[in-house]
Amino acid sequence: MKKRFKLQTLLEIAIFAALAMLLDLLPSIKPHPSMSISFAMIPIFIIAFRWGVRAGFISGFIWGILQIALGDAWILTPLQAFIEYFIAFSFVGFAGLFANKIKNNLLSNDKRTAAFYIVIAVIVGAAARYFWHFVAGVVFFSEYAFEAGQGPIIFSLIANGITFTGAAISCSVLLVLLISTAPHLITSAHKNN
């Protein structure tokens, strides 16, 4: 039974990373050429809610690899690529810190409290991801800040802050709607646990 659990989890991790990549290929909202707001993190959030932090980290890591493998990455240096595609995408998995609270509230049919924890989890996972994009922006994209007449910290904070806010809002709204109408997306993993 334990091997089946691991295989199912690993398959879901890979499938949902691929779904995140597919969603990332769809057109996104672009408030500025250097900013892109999408809801591609949703599959990683679902894995994190189903299986926890470790599964969310692994799925996000695979999504980062797919970004590079499919040529959808903007790479300046190997260190910048590592920070922005391996570390940042993995950190979306921090949303899994709230997996048990979300599952337990869904299982007790308390959708309002579950929705609250979904929003908090999305904010935590998205903030963890965009923290690393902010760091990379300060370190590796300072020339764009100077062109815009700003310091690197302010430039990265604004660019990544807008992207984080847009992504967190869109993912929160869609996940609350999705999970409140189909709670088994999350709770079915509880039954297999």
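The values are calculated or read from the model by the stated rules, or taken from the named source; none is laboratory data. As the structure is a prediction and not an experimental result, all values here were calculated from the model. Note that each Cβ is placed from the backbone with ideal geometry, even for glycine, and that neighbours are counted across all protein chains shown. Side chains included, ligands, DNA and RNA excluded: accessible areas come from the protein's heavy atoms. Shrake-Rupley method; radii C 1.70, N 1.55, O 1.52, S 1.80 Å.
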Open item on the list: How much accessible area per residue does the chain have, counting only protein heavy atoms and a probe of 1.4 Å, in square angstrom?
Closed with: 51 Å²
TODO: Note down the relative contact order for the chain as a percent, whole number, built from C-alpha pairs under 8 angstrom at least six residues apart.
DONE: 23 percent
Open item on the list: Highest mean first, how do 150-158, 128-136 rank when packing is the count of other Cβ atoms within 10 Å averaged over residues?
Closed with: 128-136, 150-158
- [ ] Taking all protein chains together and a probe of 1.4 Å, list 147, 84 from the most accessible to the least accessible.
- [x] 147, 84
Open item on the list: Hydropathy at least 1.6 by Kyte-Doolittle, axial extent at least 18 angstrom from the Cα trace: which helices of the chain, defined as entire DSSP H runs, fit?
Closed with: 152-181
- [ ] Run the accessible area of the chain with a 1.4 Å probe and give the carbon-and-sulfur part as a rounded percent.
- [x] 70 percent
Open item on the list: Below 8 Å, C-alpha to C-alpha, sequence gap of six or more: please give me the relative contact order for the range 73-182 in percent.
Closed with: 27 percent
TODO: Note the full-extension length gain between residue 116 and residue 23 as 0.36 nm times their separation in residues minus their Cα-Cα distance, in nm to one decimal.
DONE: 31.0 nm
TODO: State to the nearest 20 debye the size of the charge dipole of the chain about its Cα centre, where the only charges are +1 on K and R beta carbons and -1 on D and E beta carbons.
DONE: 1100 debye
Task: Listed peptides 96-107, 55-66 by packing density, highest first (mean Cβ within 10 Å) - done: 55-66, 96-107
Open item on the list: If you only keep lysine pairs separated by 8 or more in sequence, or across chains, how many in the chain come under 30 Å at the Cα atoms?
Closed with: 15
Open item on the list: Can you give me the distance in nm between label points at residue 165 and residue 150, each placed 7 Å from the Cα along the Cα-to-Cβ direction?
Closed with: 1.1 nm
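Excluding residue 91 itself, calculate the net charge of residues whose Cβ lies under 13 Å from the Cβ of residue 91, where each Lys or Arg counts +1 and each Asp or Glu counts -1.
After counting each charged neighbour, the total is +1.
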TODO: With N set to the residue count of the chain, report its C-alpha Rg divided by 2.2 N^0.38 Å to two decimal places.
DONE: 1.04
